[in-house]
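K.L.:
Attaching a single structure in structure tokens format; questions to follow.
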Amino acid sequence: MEQTEEDDDVPFSQLVAKQPDPVLPDHNFDLNTPTGSPAKLAATAKQQRRHGKMFNDPVHNTFRLDPVSIDIIDSAQFQRLRDLKQLGMTYYIFPGASHNRFEHSLGTAHLAYEAADKIWSSQRAELDMDRGDVKVVELAGLCHDLGHGPFSHVFDRTLLQSKGIHGWSHEEMSGKILQTIIDDGHIKDDALDNIDMQRVQDLIMGSCPGHQAPSNAALPLNDKRFLFDIVANGRNSIDVDKFDYLARDSHYCNVKVSCDLQRLRQLTKVLDNEICFKWSEYENIFELFHARSNMHRRVYTHRKAKAIELMLVDALITADPVLKMTERIHDPREFVQMDDTILKQIEHYGMLHPGFEASEEYAPVAAAQKIISRLRKRQLYKYCSEVIIPPHVIAANLWRVPSVQDVITCYSGAVHIQEDDVILCENSIDFAMKNQNPLDNVHFFDNFDSQHKYSMRKNTVSPMYPDIFQERKLRAYSRDGSPEHVAAVKHAFEMWVKKMWNDTVVTSTPLRLPHTNLNLAAAALPLEMPRQSLRESAVQLTADSNGPGLKKRKIQLSSIPE
């Protein structure tokens, strides 16, 4: 492989990555250097360091990463990502979703390098771009998720907020953990100085609200704002992080997405300090965000997956007075001691603390163990009902999540509903920018010779694009899994919806109850409820134990109490 003068600063691993043959070529060594001598060993180690490492990935196939990236990967802090499920407790619903933050970070680093290298190859002169820019972008992609807590977003979006902790971000913690990796001497040959370190941290924080890169002349990212569009794009949310997790999550969950990510990555160009896309990609970008909302609807906010997450949060909050997880979120060295194995630590707490059940001090752990035991036995919290909040209510800023007491006061049946037995969970699904159309913040160009960018409005492309880009749902769950209690919570929730919006808003598909418990469920409903409305719940699909098919079973209306 011939190396040009322009490629002098390119790591050897990345030069090889451009070749069709992934096998490393032979190297010429000084034949006068004795085998095994310190000079020979040093020369061999130096050449091996230039090679980096090759990874075989089920999503992106074979790729190489820079030697500095390998230094970070080979640290305990980064290896911790192997014990953080990418989709948290969703694995309990989608058995294929066993992938971790580790491989997602590798894939994001690879895509970040490709994006930065493409810009460097075609526009480095006009953008005053050097190989150092490519290096820090790859490292930002590699390290952007170092700061995730146990079970990923469940930790920061649900657990911490349930404890009244706001303003904590995993992006900021990622930068702190990266600093500990450097402090521990994992980066060889001083390949990452303080300036590059600050640049990596800024790129990781790029999408955080209100974050501004320091206006320091030694940090030339202010003149290269387009670099922030690669890993964590706060401008329009089109970034390689999203490219990887959509491709990876859909692959492992066996959910098809329709956007062409490879094509989208190729048809880009930097204009006016911004990554722009060819005009033909408007629909492809729309499909990108549509795929994201589809994954949220079908996978990330799956009804049972959310029920399991609620059980997990209850267990962690209950055990927190003993484990003190929320007190370890500021020191990066204490924080990295927490990962998904914390569930096992609670479950088998007695192995390290024999007889702890007898101590009142450890009572929270015993209570958390009971919740985890229910989870292991699949005795999950029960989904009761949900309602889509009317868009005009949200637009008028009239929507507030009700209290549990507001809902249960609408119930007048015989079952006693306790406030602690009901959970109201709000889910928001959007195109990554709340109710804004992210494509309004995307700029396009005509062809690769173009020197001007422009916006495209959806009505000029097609009249079939939506006007609303966000949906918000309110769900009701019951901690008590008995059919009569679930039916009572469902009825209370529906009566609350009717009280709020009369008959203009309907709830989800009617709850289907086991036919053996229909009498108990019917008894939980108010006497004035029309018998005809119960008929909707009287048709059950039951599995035929003698064959693989399903048969429809109809229950006589006479079995429902008067």
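K.L.:
State whether one or more residues within region 16-36 are open to solvent by less than 60 Å² (accessible area, probe 1.4 Å), in a helix (DSSP H, G or I), modelled with pLDDT of 90 or more and touching a helix residue (DSSP H, G or I) at 6+ places or on another chain (Cβ under 8 Å). Talk me through it step by step, then tell me what you get.
P.N.:
Taking region 16-36 as the starting set, the residues that turn out to be open to solvent by less than 60 Å² (accessible area, probe 1.4 Å) are 16-17, 24-25, 27, 33, 36.
Next, only the ones that are in a helix (DSSP H, G or I) stay: 16-17.
Retained after the next criterion (residues that are modelled with pLDDT of 90 or more): none.
So far as region 16-36 goes, no, none of its residues is open to solvent by less than 60 Å² (accessible area, probe 1.4 Å), in a helix (DSSP H, G or I), modelled with pLDDT of 90 or more and touching a helix residue (DSSP H, G or I) at 6+ places or on another chain (Cβ under 8 Å).
K.L.:
Take LYS382 and tell me if it is of a type in the set (Lys, Arg), open to solvent by 30 Å² or more (accessible area, probe 1.4 Å) and touching a strand residue (DSSP E or B) at 6+ places or on another chain (Cβ under 7 Å).
P.N.:
yes
K.L.:
I'm checking my understanding of the structure. Among residues of region 431-444 that are free of Cβ contacts under 8 Å to residues at least 40 places away in the same chain and within 12 Å of ASN236 (Cβ to Cβ), which one is surrounded by the fewest Cβ atoms within 10 Å (Cβ to Cβ)?
P.N.:
Initially, region 431-444 is screened for residues free of Cβ contacts under 8 Å to residues at least 40 places away in the same chain, giving 434, 436-437, 440.
Now narrow it down to the ones that are within 12 Å of ASN236 (Cβ to Cβ): 436-437, 440.
On the way: GLN436: 15, ASN437: 19, ASP440: 13.
If we take residues in region 431-444 being free of Cβ contacts under 8 Å to residues at least 40 places away in the same chain and within 12 Å of ASN236 (Cβ to Cβ), then ASP440 is surrounded by the fewest Cβ atoms within 10 Å (Cβ to Cβ).
K.L.:
Out of region 458-479, which residues are in a loop (DSSP other than H, G, I, E, B) and in contact with a strand residue (DSSP E or B) (Cβ under 8 Å, 6 or more places away or on another chain)? Lay out the reasoning, then the answer.
P.N.:
Applying the first criterion (in a loop (DSSP other than H, G, I, E, B)) to region 458-479 yields 462-469, 479.
Of everything in region 458-479, those that are in a loop (DSSP other than H, G, I, E, B) and in contact with a strand residue (DSSP E or B) (Cβ under 8 Å, 6 or more places away or on another chain) turn out to be PHE469, ARG479.
K.L.:
Does any residue in region 139-156 that is on the phi > 0 side of the Ramachandran plot come within less than 8 Å, Cβ to Cβ, of a residue that is assigned to a loop (DSSP other than H, G, I, E, B) and at pLDDT 95 or above six or more places away or on a different chain, and which pairs are these?
P.N.:
That search, which allows pairs on different chains as well, returns PHE151/LEU84; PHE151/ASP340; SER152/LEU84; SER152/GLN86; SER152/LEU87.
K.L.:
Mind telling me which of the residues ARG333, ARG297, ARG303 ends up being over 21 Å from the mean Cα position of the chain (by Cα) and either at pLDDT below 95 or open to solvent by 50 Å² or more (accessible area, probe 1.4 Å) (or both)? Give the derivation first.
P.N.:
Working: ARG297 fails: over 21 Å from the mean Cα position of the chain (by Cα); ARG303 fails: over 21 Å from the mean Cα position of the chain (by Cα).
Just a single option satisfies the conditions, and that option is ARG333.
K.L.:
Pull up region 461-481, narrow it to residues that are within 23 Å of SER403 (Cβ to Cβ) and open to solvent by less than 40 Å² (accessible area, probe 1.4 Å), then point me to the one that is nearest to the chain's Cα centre (by Cα). Walk me through how you get there before you give the answer.
P.N.:
Keep residues of region 461-481 that are within 23 Å of SER403 (Cβ to Cβ), which gives 471-481.
If we keep only those that are open to solvent by less than 40 Å² (accessible area, probe 1.4 Å) as well, we get 473-478, 481.
On the way: LYS473: 19, LEU474: 21, ARG475: 21, ALA476: 23, TYR477: 23, SER478: 26, GLY481: 29 Å.
The residue in question is LYS473.
K.L.:
State all residues of region 97-107 that are assigned to a loop (DSSP other than H, G, I, E, B) and open to solvent by 10 Å² or more (accessible area, probe 1.4 Å); if no residue qualifies, say none.
P.N.:
Within region 97-107, just SER98 meets the criteria.
K.L.:
Let me ask you something else. Helices (runs of 4 or more DSSP H) wholly in region 310-383 with at least 3 residues that are hydrophobic (A, V, I, L, M, F, W, C) and touching a helix residue (DSSP H, G or I) at 6+ places or on another chain (Cβ under 6 Å) - which ones? Before the answer, list the steps.
P.N.:
Details: elements: 332-335, 342-347, 349-352, 363-376.
Counting at least 3 such residues, we get 363-376.
K.L.:
Moving on to the next point. Keeping to region 157-189, report how many residues are free of Cβ contacts under 8 Å to residues at least 40 places away in the same chain, open to solvent by 60 Å² or more (accessible area, probe 1.4 Å) and not in a helix (DSSP H, G or I).
P.N.:
The number of residues fulfilling the criteria is 2.
K.L.:
With ARG248, ARG263 as the choices, which residue is under 21 Å from the mean Cα position of the chain (by Cα) and modelled with pLDDT of 95 or more?
P.N.:
Details: ARG263 fails: under 21 Å from the mean Cα position of the chain (by Cα).
Exactly one of ARG248, ARG263 is under 21 Å from the mean Cα position of the chain (by Cα) and modelled with pLDDT of 95 or more, namely ARG248.
K.L.:
Select, from ARG400, ARG374, the only residue that is closer than 30 Å to PHE469 by Cβ and either within 28 Å of the chain's Cα centre (by Cα) or modelled with pLDDT of 95 or more (or both).
P.N.:
Details: ARG374 fails: closer than 30 Å to PHE469 by Cβ.
Just a single option satisfies the conditions, and that option is ARG400.
K.L.:
Tell me, yes or no, whether region 445-457 has at least one residue that is touching a residue at least 12 places away in the same chain (Cβ under 8 Å), in a helix (DSSP H, G or I) and charged (D, E, K, R).
P.N.:
Applying the first criterion (touching a residue at least 12 places away in the same chain (Cβ under 8 Å)) to region 445-457 yields 445-448, 450-453, 455-457.
Within this subset, residues satisfying the condition of being in a helix (DSSP H, G or I) are none.
No - not one qualifying residue is present in region 445-457.
K.L.:
Does VAL270 fit the bill of being open to solvent by less than 40 Å² (accessible area, probe 1.4 Å) and closer than 22 Å to GLU114 by Cα?
P.N.:
On the way: open to solvent by less than 40 Å² (accessible area, probe 1.4 Å): yes; closer than 22 Å to GLU114 by Cα: yes.
In short, yes.
K.L.:
Within region 246-260, how many residues are assigned to a helix (DSSP H, G or I), open to solvent by 40 Å² or more (accessible area, probe 1.4 Å) and touching a His at 6+ places or on another chain (Cβ under 8 Å)? Steps first, answer last, please.
P.N.:
Narrowing region 246-260 to residues assigned to a helix (DSSP H, G or I): 246-253.
If we keep only those that are open to solvent by 40 Å² or more (accessible area, probe 1.4 Å) too, we end up with 251-252.
Filter again for touching a His at 6+ places or on another chain (Cβ under 8 Å), leaving 252.
Of the residues in region 246-260, 1 are assigned to a helix (DSSP H, G or I), open to solvent by 40 Å² or more (accessible area, probe 1.4 Å) and touching a His at 6+ places or on another chain (Cβ under 8 Å).
K.L.:
Which of (1) open to solvent by 20 Å² or more (accessible area, probe 1.4 Å); (2) in a loop (DSSP other than H, G, I, E, B) does GLU114 not meet, given it meets every other one?
P.N.:
(2)
K.L.:
From VAL407, VAL393, which residue is part of a helix (DSSP H, G or I), modelled with pLDDT under 95, under 30 Å from MET495 (Cα atoms) and of a type in the set (Val, Ile, Thr)? Show your work before the answer.
P.N.:
Details: VAL407 fails: modelled with pLDDT under 95.
Residue meeting the stated conditions: VAL393.
K.L.:
What pairs come out if I take residues in region 253-281 that are farther than 29 Å from HIS302 by Cβ and of a type in the set (Ser, Thr, Tyr) and pair them with residues that are assigned to a helix (DSSP H, G or I) and open to solvent by less than 60 Å² (accessible area, probe 1.4 Å) whose C-beta lies under 9 Å away, six or more apart or interchain?
P.N.:
Partner pairs satisfying both residue conditions: THR268/ALA115; THR268/LYS118; THR268/ILE119; THR268/GLU281.
K.L.:
Of everything in region 74-96, what is surrounded by fewer than 20 Cβ atoms within 10 Å (Cβ to Cβ) and among the aliphatic types (A, V, I, L, M)? Give them in sequence order.
P.N.:
ALA76, ILE93
The values are calculated or read from the model by the stated rules, or taken from the named source; none is laboratory data. All of these numbers come straight from a predicted model, not from anything done at the bench. Here Cβ is always computed from backbone atoms with ideal geometry, including for glycine, and neighbour counts include all displayed protein chains. Accessible surface areas use protein heavy atoms only, side chains included; no ligands, DNA or RNA. Shrake-Rupley method; radii C 1.70, N 1.55, O 1.52, S 1.80 Å.
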